[in-house]
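Comments concern the structure below.
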Amino acid sequence: MRVAIAGAGLAGLSCAKYLTDAGHTPIVLERRNVLGGKVAAWKDQDGDWYETGLHIFFGAYPNMLQLIKELGIEDRLQWKEHTMIFNQPNQPGTYSRFDFPDIPAPLNGIVAILRNNDMLTWPEKISFGIGLIPAMLQGQKYVEAMDKYSFSEWLKKQNVPPRVEKEVFIAMSKALNFIGPDEISSTVILTALNRFL
């Protein structure tokens, strides 16, 4: 059977791969001359590289890892040191690092936050840590129940100081879904914290 697929992003290309595996003939339609959708990257005539979206993924994306394995391209992955680096707007040219140790999430995130003394005060770190306790103890069931709150609302509900959102979670929220913490579901960020940060 011939099947038309609209878009050659990750979803469209994955669909084409699995349809081919099932014996079908996919026809992928893409309006641009570059494949990959949000993860596309290409070099222009001047030799400059362009990226349209997220250019990394974390080890907690099992479907993506499975697809890469099935395609036989695991050896092309470049695993990077697990670090989040933040620009310090009040100190031009200065960066702050959250270095995540090689221990399971969410413990690695807690250690990274506790080690960083550039962005958050100890009272802010402690308030944030206490706020995370329900997510750590109750796991994904709690995380999914918090979908009714934006991440900003969840932080307020957990009595986390507003500066924690400003210093850390505006950037993290935009990195995950290109929207601010006042728009993103708390489930998205809590899942990230619980599973792979």
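The values are calculated or read from the model by the stated rules, or taken from the named source; none is laboratory data. Please read all numbers here as calculations on a predicted model, not as lab measurements. Note that each Cβ is placed from the backbone with ideal geometry, even for glycine, and that neighbours are counted across all protein chains shown.
Quick notes on this structure:
- Candidate set: the range 28-42, residues that are exposed (fewer than 15 other Cβ atoms within 10 Å of the Cβ) and over 23 Å from Ala175 (Cα atoms); chosen: the one modelled with the highest pLDDT: Leu29
- Check on Ala171, hydrophobic (A, V, I, L, M, F, W, C), closer than 27 Å to Tyr61 by Cα and modelled with pLDDT under 90: yes
- Selection of first residues in the range 169-184 that are in the same structural domain as Trp154 (by TED's automatic domain parsing) and of second residues that are of a type in the set (Asp, Glu) and not in a loop (DSSP other than H, G, I, E, B), restricted to Cβ pairs under 6 Å at least 6 apart or on distinct chains, gives the following pairs, ordered by first then second residue: Pro181/Glu165.
- Hey, Ser127 touching a Pro at 6+ places or on another chain (Cβ under 6 Å) and without any contact (Cβ under 8 Å) to a residue 40 or more places away in the chain or not: yes
- Scope the range 71-109; condition among the small types (Gly, Ala, Ser) and either modelled with pLDDT of 85 or more or farther than 18 Å from Leu120 by Cα (or both); matching residues: Gly72, Gly93, Ser96, Ala105
- Residues that are of a type in the set (S, T, N, Q) number at least 1 in the following strands (runs of 3 or more DSSP E) confined to the range 44-160: 83-87, 95-99.
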